[in-house]
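Student: The following block contains the structure, expressed as structure tokens.
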Amino acid sequence: MPVSRSLLLATPVALAAAALFTPVRWIAAAPDPTPTAAATPAGVEVEVKCVDDSTLKLKLLDDKLELVTKYGFLQVSTADVRRIEFANRCPADVGEKIAAAVSKLGNPDFATRERATADLKGYRERAYPFLLKALKNDDPEVSRRADEAAKFIQSRVPAALLEPRENDVVHTDDSKFTGKLTAQSVKVVTSMFGEQTLKLADLRSLRSASGAAAEELQNAAPAPATMASYQQQFGKELTFTLTGYVPTNGQQASVWGSDVYTIDSNLSAAAVHAGVARPGEAAVVRVRVVQSPPQYVASFRNGVSSNAYGNYPAGAYEFVRK
């Protein structure tokens, strides 16, 4: 057999053998570059008031809250909670600092006594129970400084917040439960900071979004036709209930400006123009009295026309967006 023919016959056999014994390399599929959006945690929308007077709007992630009452343990679904008034809770480390400051009110060093008095004023209602006890101290300097700090706190903290609150009070639509929440903190999520933990010791109260709206509606006064009675009361904020203006027979209410309106502009029409109320529907609006701009701008919005005007010394108003 010619050598060339034997090579031709051998080549297919060698290739076949190589195919049988060469290991297979599996190529993994390239990962999908499209990022997977993180699921937004469910939760109950609430508004919390903190002991430093700040207010936070967030979502409460806990499904239930456990309350110890004189009748035993009670679990309340957070979806049913409309309002919580938290008991006074002073963290152990803060209590130790307050006690240390009280002990320095009679220190021989004047500067030390001054710093202790200033520190106690800074602790506000948390220091108040300690100061009431210090009022009875036999040392006249201690009792005098305790009285000074207590009166300072009384002048800056509402009296209701200075009353002893040993129990948490949980309100639902049809019930009120009094006891002590077993949790030391709650899990929440905010749009800016994601999931967080809030200590109950840092909270004064909590309202659900629906509870806040109902309370605001209940407490709001009927809106006046205009804000003329509040002229030049710059910075004043008021909450009103009103019905959005509905034009009749093609006639428009008297409105001057856009976003900022003259103090005598029709309030319900301006609310529709600004987009905080709808025609014919009841709404709760918050209004702030401000100084007049140099010029009021005319525009047509949401079916309401507003007029242009120059400076109006009596003042103006704007709607506070929620």
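Bear in mind that the values in this text are calculations on the coordinates, not laboratory data. This is a predicted model, so every value here is computed, not measured. Here Cβ is always computed from backbone atoms with ideal geometry, including for glycine, and neighbour counts include all displayed protein chains.
Student: Could you please report the charge total around F319, scoring K, R as +1 and D, E as -1 over all other residues with beta-carbon less than 9 angstrom from its beta-carbon?
Tutor: +1
Student: With r as the distance between the Cβ atoms of L56 and R301 and R0 = 35 Å, compute the FRET efficiency 1/(1 + (r/R0)^6) and round to 0.05.
Tutor: With R0 = 35 Å, the Cβ-Cβ based efficiency is 0.65.
Student: Within 10 Å, count the other beta carbons around each residue, average over each peptide in 256-265, 158-167, and list them highest first.
Tutor: Ranked by mean Cβ neighbours within 10 Å, highest first: 256-265, 158-167.
Student: Tell me, what ³J(HN,Hα) does each residue in the stretch 304-316 have, in order and in whole Hz, if you take phi through Karplus 6.51 cos²θ - 1.76 cosθ + 1.60 with θ = phi - 60° and put x for Gly and Pro?
Tutor: Listing the rounded values in order: 10, 9, 10, 9, 8, 7, x, 4, 10, x, 5, x, 8 Hz.
Student: Further, regarding this structure: Treating only the Cβ of Lys, Arg, Asp and Glu as charged (+1, +1, -1, -1), what charge dipole size does the stretch 171-284 show about its Cα centre? Round to the nearest 20 debye.
Tutor: It comes to approximately 380 debye.
Student: Dipole magnitude of the stretch 92-162 about its Cα centre, charges +1 at Lys/Arg Cβ and -1 at Asp/Glu Cβ only, in debye to the nearest 20?
Tutor: 220
Student: Let me ask another. Could you tell me the distance between the Cα centroids of the stretch 271-296 and the stretch 112-170, to the nearest Å?
Tutor: 43
Student: Quick one: Y312, Y245, fewest Cβ neighbours within 10 Å first, how do they rank?
Tutor: Y312, Y245
Student: Output the peptides 132-142, 101-111 sorted from most to least packed, where packing is the average of other Cβ atoms within 10 Å over each peptide's residues.
Tutor: 101-111, 132-142
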